[in-house]
Amino acid sequence: MSDSPYIPTNALSGRTGTLGSAEGDGALSLASFEDITRMRVTMDSSPLGIAFIDGTGKTTFVNAQWANICGRPVAELLGYIAFNNSIRDEVESQRANAEASAALDTKGHWSGRFEVARPDGSTRVVRNWVSKIEGLETSYVSILEDITETVNAYGDADHLRALLSGTADIALIFGSDGRLEYANSAARRILEIQESDYSELTRLDAVAILRLTPESVERYQSEIAPSVLEFGRWSGETTYYNSSGEIVTAVTDASKHVGEGGKAFYTVTSHDVSNYKALAERLEHQETWFRTIVAQSADAIFVTRRPDGIIYASPRAEELLGIPLEEIIGTKLRHKVHPDDIAGLPHGSQNVAAIQRPYVDYPIRILNADGNYRFCEATAVNFGADIGNGASMITIKDISRRKLLEEMVQSESRRFTEIVQNLSDGVTILDSRGSIRYQSAQAKQLFGGESSGTFVESIAEAIHEEDRSRVLGRIESALLAQGARGDSWEGSLEFRVLGTDDNWRYCETKFTDLRHELAVAGVVLTTRDISDRRRSETLVREQAEFLRLVASSAPISTVLAALCDLVEATFGGAKSAVMRVSDARLSFAGGPRMPAEFVDAMQSVPLGVGGGLCGIAVEAGEHVYSLDIASDERLEGCRDLLLRNGFKSVWSAPVTSSDEGAIIASIAVFWGETHEVTPDEVAFMETLIALCSIAVDRKEYETRLTHQAHHDSLTGLPNRSLFTELLSIATGRASRGNTLNAVMFIDLDRFKEVNDSLGHDAGDELLINVASRLRECSRVSDTIARFGGDEFVVLCEDLDPESASGVIADLAERLLASIDQPMVIKGQSLRVSASVGVAIDGGNAKASGMLRDADAAMYKAKKNGKARFEVFGDELRSSALNRLEMESGLRNAAINGELVLEYQPVINLVTGSVEGAEALVRWLHPTQGMLQPASFIEIAEETGAISEVGNFVLREACSQLGRWIKDGEVSTNFTVSVNVSARQFEGSGLIEVVRQALASSGLIPSQLVLEITEGTLMEPTSIEALRALHDLGVQVAIDDFGTGYSSLYYLKRFPVDIVKIDRSFVDGLGHDPDDEAIVSAVLGLGHALGLLVVAEGVESELQMQALSALGCDSAQGFLISRPVPASAIPVIAIP
């Protein structure tokens, strides 16, 4: 651009229209500015004066003819009020300004005539046409025509008619009376006036003859005529119809004159300015268009001129410099350029021809108000002095963002190169011919160094011969597979390549066709060394197989041989061995490919140096390496052995038990070449160690499980399972060898008391002592076992039939005597005895039969006073058979309807009324008749049938009471008592049975009394159930209180409602002071704790009187009533 004064100062700074986008391609091209300059040259050559005027009346552009008419240089006229001090007559000036302002405000245009006073004293008569520029509210274009010569010609009477006849303008003269006195040839032609018509025209006819348009007619009447009559003159724009009917725009002058004799006449001249108006409109549109382009340009546009500095700046300049436009005008643009950029900035000369380009897109930095420099490109155009008065137009494009993006791209490129060069993957880019455009350092290393020629040629020899043809063919196919523009494809393949260390490495190459991407323009090969991954995959796959082998309980030798296979598959070319640790020594356990000499030598070696590298690793508890066996002093004891068998490097790692932390084995890896262990190999070894640990631990665990499955964990003795198996074997052997076997079943007497009073730890210690004494007394050939609890069993084999009884009797006596000896348990001296049952058989009985017989003999020993032994015989056999029959019958008694209930009333000793009854079960045996509880309850307890029996009693008793109450046979306060065995408290079934019984019978919980023994309170499993029953509302009674080993402490601690005094204390009332004292004490304690006290076994009036006197609450016994059928209770309960 150039500093031309012909460019309006800031006339283009307002944004109008949308011609182009400042954010897109809005930057003005140099060609555009050349077009503007040509337009300005064209306007300078016009015979009319042309100027642009802003809203304040100041000129922003004038052409040469305008300056000539005003008699002043162009530079003096720019930026000054148009016609300021130029209109000769001040009154005329005020009138013209007023008319112009009104017309421009209402119509947007004005025309008129006035005289211009020039600096040299001369004047020029001009016609002026002014129009508002469309789209710019405060900008105008003004066109001047110099009509001085024409006006002067009118003043010369001799030449007037010739002048008027020769002009193209309309000229009319009217007399004072309004009659047309003269019309020149142009008027006659244009307005079609005939000379013969002059005298006939009236003043009113003048409006019609002028052919004015309706708008001008109205103006004539309201403005023109009054102005001429009052001021003597009017000048302005009018419109009329020509002979063709076209509307013509003209500048019309109407004047009043006084002739000779004082007679007035009027002149009207009208100059056709239609062409001028069209030109002005075209200039107006062009100016608007170019102003919009400049305003919306993305570049900052400056016009500078020496010495004024910046005389114009586009709106974008405000953003570039960071200061308002009004502050930019007048500043020096050079002051905003970075000092380092000033020196090299070329400058135009005022002497060069117009439209010169001293520089295009010159890089400079422009200072912003924020103190930062913006990266820019500048383009300058100089205008010569003849058209621009030394001005220059400079376009500055802010490229800071582009510069930042370029730097980011360069940075990303450097970063990409740095990343690629440091990737573990190798990157190669090939062109369509297969030549290498780029190859990273890792790729060069993978493929054996620098490549020459095509990629295929450079790597062919490095690829394994089994993979070569496949790989090279795939690469060539990839290069030929040219997709359509914008398409891309990917592919991959795996192969082996010879590395720089002369080892075959597994590689994976992925192909990506990016030839359509300009930034890449090639096929990208990304190659990764997957040797470790393949090794890991192999390890994972083989590991799964190995674990399946371990889980199948294969022999340990097979498992460890498989582990060695896995080790050798992981460390290609190596051999391996596994050594197990036992009793502070190492023994060879696996290594199918190890030399026989090595296997023999390593059968059993000490830990430490004497055991080679494995012994050292186990003793140190850490991995041990030997890079060079020949020079390793630690291997002096086995060096020759290893070297003879071709080993040069060895690595040993200890294997730790996963559960105990002890070292249980060692894995050794041997190489035939010098080998340095890598971190990846260490990681693989950790996996192999874990597998070895699993295998060895599992085998040892299986061994332990087998032992635990057949032995008692407390005493270490064989358990029931193993004993039964050994007894079966012995029975079979005895049947073949004419010998006898004996089974001794031993049960400790009163062991439960020790266990409950001193705790389970004391009980366990006692059992261990007993087991030890049994070992000491038994023969070496005897088998001792523990069946659980306090039950021990001894198997005596190969007894001579003639001496068997004596041998067994002698052994039984020794066992009894040994067990009877005092032993110190938890600091206390204790003595326990045992009951022993013996069964002798010559192989005819099964193992289970002998155990059953011995058990029956043991129970007989207990019944006969304990601390003795009994031998199973015919009598016991009969008793045992009866017991079996009873046991079998009990389990079905309830189902078969054989169990019946009888009820013993309980009376209130204060009121004498029957307040409840205790339910007592009887068994109506199919063959033996009605059996009392003493005949079957013990068997039910021992066999577990007590639960079925007890649940039946509970349901039936509740149901019976419900029926009594429903039928009104007993009061609603009547209760029923049911005895509950300790076995029924095992598990949670009792509580649910009680709930169901109450629900089905309709009883409230307090109507049910559950009677338990003192021993039940001692069972931990009973406590929570008792609390739950108490919370339910059921009453709990302690039966036979005082006969067991519970203390009064339990009455306070546990949820008990009733205490029943045992009949043994009631028997002595009335004659035994001790019994009376005991009963009195129980009553006092029970009442103190808020408990009811019931006396059992009352059989005499004396006992009844004593109980009443002592304050006993209730009583039951034969004196009151024996147990009776349910039907008798309502009769007894009637008061």
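The values are calculated or read from the model by the stated rules, or taken from the named source; none is laboratory data. In this text, all values refer to a predicted model and were calculated from it rather than measured experimentally. Cβ atoms come from the backbone with ideal geometry, glycine included; neighbour counts cover every protein chain shown.
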Against the definition (assigned to a loop (DSSP other than H, G, I, E, B) and either assigned by TED's automatic domain parsing to the domain that holds LYS699 or out of contact with any Ser or Thr (no Cβ under 9 Å at 6 or more places or on another chain) (or both)), how does ARG593 come out, yes or no?
yes
Taking the stretch 817-836, which residues are outside any strand (DSSP E or B) and over 60 Å from the mean Cα position of the chain (by Cα)?
ALA817, SER818, ILE819, ASP820, GLN821, PRO822, GLY827, ARG831, VAL832
Any residue at all in the stretch 626-646 that's in contact (Cβ under 8 Å) with a residue 60 or more places away in the chain, assigned to a loop (DSSP other than H, G, I, E, B) and either surrounded by 12 or more Cβ atoms within 10 Å (Cβ to Cβ) or outside the structural domain of SER604 (by TED's automatic domain parsing) (or both)?
no
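Per-residue answers, yes or no, for (1) modelled with pLDDT under 90; (2) among the polar types (S, T, N, Q):
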{"residue": "GLU753", "(1), (2)": "yes, no"}
{"residue": "ASP764", "(1), (2)": "no, no"}
{"residue": "ASP800", "(1), (2)": "yes, no"}
{"residue": "LEU816", "(1), (2)": "no, no"}
{"residue": "SER833", "(1), (2)": "no, yes"}
Failed condition for ARG585, given (1) within 17 Å of SER652 (Cα to Cα); (2) among the basic types (Lys, Arg); (3) loosely packed, with under 14 Cβ neighbours inside 10 Å:
(3)
Determine whether the stretch 795-803 contains at least one residue that is among the small types (Gly, Ala, Ser) and touching a residue at least 12 places away in the same chain (Cβ under 8 Å).
no
I'm checking my understanding of the structure. Among residues of the stretch 798-816 that are part of a helix (DSSP H, G or I) and small (Gly, Ala, Ser), which one is farthest from ARG831 (Cα to Cα)?
ALA804
Looking across the stretch 957-984 at residues that are surrounded by 21 or more Cβ atoms within 10 Å (Cβ to Cβ) and in a helix (DSSP H, G or I), the single one that is nearest to the chain's Cα centre (by Cα) is GLN984
Between residues in the stretch 954-968 that are on the phi < 0 side of the Ramachandran plot and residues that are crowded, with 18+ Cβ neighbours inside 10 Å and of a type outside the set (A, V, I, L, M, F, W, C), which pairs lie under 7 Å by C-beta distance while being six or more apart or on different chains?
CYS958/SER1001; SER959/SER1001; LEU961/SER1001; LEU961/GLN1007; GLY962/SER1001
Do the conditions hold for GLU725, that is, is it of a type in the set (Asp, Glu) and closer than 17 Å to THR783 by Cα?
yes
Just a yes or no: is a residue in the stretch 1089-1099 at pLDDT below 90 and assigned to a helix (DSSP H, G or I)?
no
Can you tell me which residue among ILE729, ILE768, ILE784 is crowded, with 19+ Cβ neighbours inside 10 Å and of a type in the set (Val, Ile, Thr)?
ILE784
Identify, by number, the condition in (1) over 30 Å from ILE1132 (Cα atoms); (2) in contact (Cβ under 8 Å) with a residue 60 or more places away in the chain that GLU942 doesn't meet.
(2)
Extreme residue, nearest to ALA280 (Cα to Cα), among residues of the stretch 51-60 that are outside any loop (DSSP other than H, G, I, E, B) and in contact with an Asp or Glu (Cβ under 9 Å, 6 or more places away or on another chain):
PHE52
Residue match in the stretch 528-538 (condition: of a type in the set (A, V, I, L, M), more than 24 Å from SER652 (Cβ to Cβ) and in a helix (DSSP H, G or I)):
no
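For every residue, the table says whether it meets (1) under 13 Å from PHE571 (Cβ atoms); (2) not in a helix (DSSP H, G or I).
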residue: LEU613; (1), (2): no, no
residue: VAL618; (1), (2): no, no
residue: GLU622; (1), (2): no, yes
residue: TRP651; (1), (2): yes, yes
residue: PRO654; (1), (2): no, yes
residue: VAL669; (1), (2): yes, yes
For the stretch 484-521 the number of residues that are in contact with a Lys or Arg (Cβ under 8 Å, 6 or more places away or on another chain) and at pLDDT below 80 is 9
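For the stretch 96-133, how many residues are outside any strand (DSSP E or B) and either assigned by TED's automatic domain parsing to the domain that holds GLY236 or at pLDDT 85 or above (or both)? Give the steps one after another, and end with the answer.
As a first pass, look at the stretch 96-133 and keep what is outside any strand (DSSP E or B): 96-108, 118-122, 133.
The next check asks that each one be either assigned by TED's automatic domain parsing to the domain that holds GLY236 or at pLDDT 85 or above (or both); those that pass are 118-120, 122.
The number of residues fulfilling the criteria is 4.
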If LEU613 meets every condition in (1) buried (at least 17 other Cβ atoms within 10 Å of the Cβ); (2) at pLDDT 90 or above apart from one, which number is that one?
(2)
Any idea which of (1) closer than 24 Å to VAL900 by Cβ; (2) touching a helix residue (DSSP H, G or I) at 6+ places or on another chain (Cβ under 9 Å); (3) among the small types (Gly, Ala, Ser) is the one ALA1028 doesn't satisfy?
(1)
Test: ALA298 is farther than 17 Å from SER139 by Cβ, assigned to a helix (DSSP H, G or I) and in contact with a helix residue (DSSP H, G or I) (Cβ under 8 Å, 6 or more places away or on another chain)
no
Does the stretch 918-940 include one or more residues that are under 60 Å from the mean Cα position of the chain (by Cα), of a type outside the set (Asp, Glu) and not in a loop (DSSP other than H, G, I, E, B)?
no
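Go through the stretch 529-565 and give me each residue that's β-branched (Val, Ile, Thr) and either touching a Phe, Trp or Tyr at 6+ places or on another chain (Cβ under 7 Å) or surrounded by fewer than 17 Cβ atoms within 10 Å (Cβ to Cβ) (or both).
Taking the stretch 529-565 first, the residues β-branched (Val, Ile, Thr) are 530, 538, 540, 550, 556, 558-559.
The answer is ILE530, THR538, VAL540, THR558.
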For the stretch 705-742, enumerate the residues that are charged (D, E, K, R) and either not assigned by TED's automatic domain parsing to the domain that holds ALA839 or not in a helix (DSSP H, G or I) (or both).
ASP712
Just give me the residues in the stretch 228-274 being under 18 Å from ALA187 (Cα atoms) and assigned to a helix (DSSP H, G or I), in sequence order.
SER274
